[in-house]
Amino acid sequence: MAYWEIAKPGGPLDEAEFAPNGVRLLMAMVLPPYNLLTSSREITDLDSMKGLKIRSTGGALDLTVQKIGGVPVQMPAPEVREALSRGTIDAGLFPYPSVTPYGMEAFLDWGTQGLNFGSFVATYVISTDKWNSLPEDVQQAMTEIGKELTREGCETADAGNMEVKQQIADAGVTFVDLPPEDVEKLGEILSTVGSEWAAQFDSQGKPGSDILEAFRAALAKN
């Protein structure tokens, strides 16, 4: 809902990105937090993550992988299963529900739990021109439904996350907890990712830090 607040019409992300590109947010889907899953190396602490070739989607996730001592390897999800089977990569950062549709669990042995290496937001938009052509009552209904679906989508994703985690465990993947001191250290490490990512956009003349600040403010309210 924090993302909804900044991306909905009139929000800071809308004004910076959506509106200038002629689109309007209808709803958003935020995936569950990413965890690390490996093909062979047992994860026991932060040091055990160093040197792993980890599938990434680029951007902020590349920064995350680098900060835990891994090597980011960008590739689309449909290619990950084969990459794991060939040893092209050692691990991936995924929400649990993204593992089973591709059958990745067959080539995974270890996974973290209770951590948050980031996530992914899918946005559903409509062109501004099309929106303006709709009757006012239709616009109002779509706005109300979009907000409600954004909330329900997250609730559904959270519920399904634990169900799929059990399926992965049943397939032979062992989930581990990092030592408390490493969990705290990881939080400190990852807390810098957002600021560094935003700074990259600032250097390109885009309001990265302003958007990040707005998002964090919205998080505090939701």
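Here are the numbers for this structure:
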item: K165 being closer than 16 Å to L115 by Cα, surrounded by 15 or more Cβ atoms within 10 Å (Cβ to Cβ) and either among the small types (G, A, S) or in contact with a helix residue (DSSP H, G or I) (Cβ under 9 Å, 6 or more places away or on another chain) (or both); result: yes
item: Where T156 falls short, out of the listed (1) over 29 Å from T192 (Cα atoms); (2) modelled with pLDDT of 95 or more; (3) open to solvent by 40 Å² or more (accessible area, probe 1.4 Å); result: (2)
item: So K130, is it at pLDDT 95 or above, under 18 Å from I43 (Cα atoms), part of a helix (DSSP H, G or I) and open to solvent by 30 Å² or more (accessible area, probe 1.4 Å); result: no
item: Test: residue in the range 76-90 that is open to solvent by less than 60 Å² (accessible area, probe 1.4 Å), within 25 Å of S195 (Cβ to Cβ) and either at pLDDT below 95 or not in a strand (DSSP E or B) (or both); result: no
item: Any hit, the range 162-172, residues being in contact with a Phe, Trp or Tyr (Cβ under 6 Å, 6 or more places away or on another chain), charged (D, E, K, R), assigned to a helix (DSSP H, G or I) and touching a residue at least 12 places away in the same chain (Cβ under 8 Å); result: yes
item: Where N21 falls short, out of the listed (1) surrounded by 18 or more Cβ atoms within 10 Å (Cβ to Cβ); (2) over 30 Å from G172 (Cβ atoms); result: (1)
item: Complete set of residues in the range 127-186 that are more than 20 Å from the chain's Cα centre (by Cα) and basic (K, R); result: K130, K185
item: Filter result for the condition that a residue is modelled with pLDDT of 95 or more, hydrophobic (A, V, I, L, M, F, W, C) and farther than 24 Å from V23 by Cα, over I211, I168, I189; result: I168
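The values are calculated or read from the model by the stated rules, or taken from the named source; none is laboratory data. All values reported here derive from a predicted model rather than from experimental measurement. Backbone-built Cβ (ideal geometry, glycine too); neighbour counts: all protein chains shown. The area values use the complete protein model at the heavy-atom level, side chains included, leaving out ligands, DNA and RNA. Shrake-Rupley method; radii C 1.70, N 1.55, O 1.52, S 1.80 Å.
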